[in-house]
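Right, I'll just put the structure down here and ask away after.
No value in this document is a laboratory result; all are computed from the given coordinates. Note that the structure is predicted; figures quoted are calculated from it, not measured. All Cβ positions, glycine included, derive from the backbone under ideal geometry; neighbour counts span all protein chains shown.
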C-alpha cells in the first residue's frame, strides 16, 4: 500500500506537470495524495445543489469496496457523515479504467474541467490552489514516520538520537518526505545516511535484511512486521473543489464544523476504526525462525485449574483463555502443541525442573513465587482488576479483625467464604466473577482494590531457550483486543444448559443472583478488553510524549541559541572596537539585553515546570496598591515610549492594601502588558484599568483590564491560546516563547480568579481578570521606612568570597573592589571554614558563599561556621550566590544559616544593596 501511495504521487505529479508545465520534483515535494476520492455534483453551477457525485479510487483504509459491493473507509465514512449535515445525495463514480495511473489522471482531469467538484486527501500547496478551491478546514492529519522491523530490538524511540550514522531507507524521488526527514534529524542531532530505494517494497526489504535501520513512511500506511520509532511533520489533508464551485467549499466547512461540534471524537474514532493496530503477521527474528523449524512441537504443562483461564473437561479436552491462545500460537508458528496436566504427586517446580515441559499455561505474575519455583515469565497475556471478595455478613470496615483465605486455591477459598468459614480473600476480578456466576454464590460480594491489577502470564524454566520466550512474546503482542474479547467470551460460557430451566424454577432467588453476577462478569470482561486497549493507547501516548519532548527541546534550543548567538556575535564585534568607547557601550547594551532575554526565558521555563508538577505555590504578604501602580509604570512606560505607543492607566480604587504574592501578582500583569506592547505597532495604544470595590467583608472585588490596539488573534487560535508555547505567529514578530500567557493564566487560576480574553485580528485584544483580593489588616501593614538617598560606604569592609569557578570568582572580586572592599578568596567550602577559623574574631565583615562546590559545599561550610564557639560566627552575614534558584533551595539555605540569598546571574545593583544593608 505504501508503494501505491508513492505511485499515485508520481502519476499525479506528472499529470500536473503536463497540465501546468510545472517542475515535477517541486510538485512531488509538496503534494501527498493520501487517497484520491473525487466528488462532483453533476456539473451544475446552481448554488442550490443536492446531488453530489464522488469519484471512488480504491485504497486500503481510505476507500474500499468488498466482494459484495459494500463501500467503506476513512474518507468514505467522512463524506457520508458530511452528507447528513449538508443535505447531499451522494453518488459514487468509479473510473472507467482498471489501471491506477489511468484512474488518477481520469479523475483529476474531470475535476479540472468541472465535471466533478471535489477531491479528497490533498495537502494544501500553492500549485494545487491554482487548480482547486480549498475549504478552510481539513478532515484529518497524516504524519511522516520512521519504521523499523519488529525483529530489530536494538532500536527504539528512546535510543534513536544516540545511534551513530543511522541508516534510513528512503524512496529516491519522495522529495517532501526526504526533506522532512532531514529537518527532523537535524533538530534532534541525528547523523544519518540515506539508503535509496525505488519502491516501498525495496524499503521493507532493506530494513528486514539489515541494509537499513529504519524506513520513511506515512502514518496512514500501517505495514505488517514493522513498528513506529518516530512520528513528525504532521500535515492536515483536505477536500478540494473545482474552481467553478467554491460554494461547495463553504458547505464542506459548515459540515465539518457541525461534525466537530456534535461528535468531537469522530476523527479519532474513524482513525481507530481503519488505522489502529490490527492483528497482523508476527515478525520473528532469523534466530526465532530457525528455532521454530527445529523445534516442531511444544509440550505445555497446564497448572492448577483456574476457570476461565484454563480447565480440563470431563472428556479430557482443555478449555480456557490460555488454551485459545495456544491455538493462535500454532496458527502463527506452525508449532504443534501438546497440553499436559500436572502429574499427581508432583509440584509445578518439580515438573518444570524435570526438563519434560517447555512452558506452562496461565500463572499469576508474582515474581517472588517465580523465583521460588525457578521460573521466568512471558509478557502478560491478560490483565484484570484485583478485587476483594467477602462474605456479606462480614464487617469489612476493619479487615484486621476478620479471617482471610490464603490457601492459593481461589475456588476453594471462595467456597469457604460463601459458607462463612472465612471472611474474605483477594483475586482477579475476572476469575472471582466467573466463580460467582458458575457456582451461584449468594453470600459473596466484591469490592475493587485501588488501582491494583492482576496479570496472567505463561512461564518457562530459567534455562529455557530465549528464542522460545521471544516467539511466545511476539505472538502475545500481536493478539488484538477483538481476538482477546472472543477468547474471554468463549471461555466464560457456563455449562449444563439442559438443566437450566428446571433449576431456575426450583431456585428463583438464586437464579436472579446468578443473572446479576453474570452481568457483572460481562462488565468485567468488557473492562479487561478496555484495559488492554488502554495499554495500547498508553503506548501511543508515550510515543506522543517523546515527540512532544523532541519538539520542546527543539523549541528551547532555538530560543536559547538566539540570544546566545547575539551575545557571541556582539562580543566578537566589540573585540574589533576596543579603541571606540561609544561602540563598546552600544555593544554592551546589546549583550545586556540578550542576557536579560535569556534569563527571562529560563525563569519562564522553570515556572512552567513547577506549575505542571504541582510545586508552584503562592505566598501572600501585604502589598500597597500604590506600590503596585508604581511598579507597573516604572516597567511599562519606558517600553511604550521606546516603541512610540501611548500607555494609559485608569485606576478606581476603594481601599489600597491587599494580601497577595507580590512577585507573582506583578508577574501576571507585567506578562500581559509586555505582550500587549510586543504586538502593538508604533502609534497604537495600550490601556491598563483597575477597578477595586470594597465588598464590606474584608475583600476587594477587583477587575483588571489590559486592552491594546495591536494585531489581535484569529478566533481559531483563541481555543489554544493558554497552551504552553502557543504562538499564532512563528515569524519572529514580538519574540518570546509563548509561555507568558500560560503562566499568567495558571497564577490567576491559583488565586481563584476568572481570566477572559477577547481578540479580533487587526483590531486588538482585551484581557479581563476578575479577582476577589483579601484586604491586608491594618496591623499587618508595616510603616515603610523612608528610602535613603545616599549610598552607604562599603570602603574598607573585609569580605570572604567563596567561589570555585575561576571566572565567576574573578568577576565577583572586581565588582567588590569597585566599592573599595577588601576581598579574600576561597575556592571551596573547606578553605572558607579554615580561613574564618584562623582569622581574629570580628576580622571579616561578611561572607559571599557559593553553594555547589567540590571538597565541601556551601551549606555544609555555613553550618560549620555557625557551629563555631566564637561570638562572630553566629552573627556574621553569610550571603549565598548560587544558580540554585528554586524555593526549596532557598529554604534549605536559610535552614543551614544563610543570611541572604542572591540567585545567579547576580544582579549587580542588588548585590551592592544587599551588602550595604548587611555589612
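Please figure out what share of the DSSP beta bridges in segment 286-495 is antiparallel and state it in percent, rounded to the nearest 5.
Details: 23 of 32 bridges.
Here the share of antiparallel DSSP bridges comes out near 70 percent.
At 0.36 nm per residue, minus the direct Cα-Cα distance, what do residue 71 and residue 807 gain on full extension? Give it in nm, one decimal, please.
Here the answer is 257.7 nm.
Once fully extended, how much extra length lies between residue 403 and residue 297, figured as 0.36 nm per residue of separation less the alpha-carbon to alpha-carbon distance? Mind dumping the intermediate values first?
On the way: separation 106, 0.36 × 106 = 38.16 nm, distance 4.59 nm.
Between residue 403 and residue 297, full extension yields an extra 33.6 nm.
Kindly rank 474-485, 248-259 from highest to lowest mean number of other beta carbons found within 10 Å of each residue.
Numbers: 474-485: 17.4, 248-259: 19.4.
Highest-to-lowest ranking by the protection proxy: 248-259, 474-485.
Evaluate the distance, in nm, between pseudo-label points positioned 7 Å from the Cα of residue 412 and of residue 617 along their respective Cα→Cβ axes.
5.4 nm
By per-residue mean of other Cβ atoms within 10 Å, what is the highest-first order of 622-628, 63-69, 860-866?
So the peptides 622-628, 63-69, 860-866, ranked by packing, come out 860-866, 622-628, 63-69.
In whole Å, what is the distance between the alpha-carbon centres of segment 72-130 and segment 649-699?
Measuring centre to centre over Cα atoms gives 54 Å.
Could you check the spin-label model distance between residue 131 and residue 265? Points 7 Å from the Cα along Cα→Cβ, value in nm.
About 3.9 nm, to one decimal.
Moving on. Restricting everything to alpha-carbon atoms, can you work out Rg to Rh for segment 286-495 with a Kirkwood hydrodynamic radius? Mind showing how you got there, number by number?
Numbers: Rg = 18.2 Å, Rh = 18.3 Å.
Rg divided by Rh gives 0.99.
Let me check against my output: what whole-number percent is the relative contact order of segment 200-353, with C-alpha pairs under 8 Å and at least 6 apart?
Numbers: 92 pairs, mean separation 27.2, N = 154.
Relative contact order for segment 200-353 comes out at 18 percent.
On to the next question. Rounded to the nearest 0.05, what FRET efficiency do residue 89 and residue 760 have when you use their Cβ-Cβ distance and R0 = 51 Å? The partial results should precede the final answer.
On the way: r = 39 Å, r/R0 = 0.76.
E between residue 89 and residue 760, to the nearest 0.05, is 0.85.
Provide Rg and Dmax in Å for segment 621-780, with only Cα atoms included in the calculation.
For segment 621-780, the Cα radius of gyration and maximum Cα-Cα distance read 15.8, 52 Å.
Peptides 364-372, 851-859, 433-441: what's the order by average Cβ count within 10 Å, highest mean first?
Values: 364-372: 13.6, 851-859: 18.9, 433-441: 22.1.
Order by mean packing, descending: 433-441, 851-859, 364-372.
Cα centroid distance between segment 166-238 and segment 406-424, in Å?
57 Å
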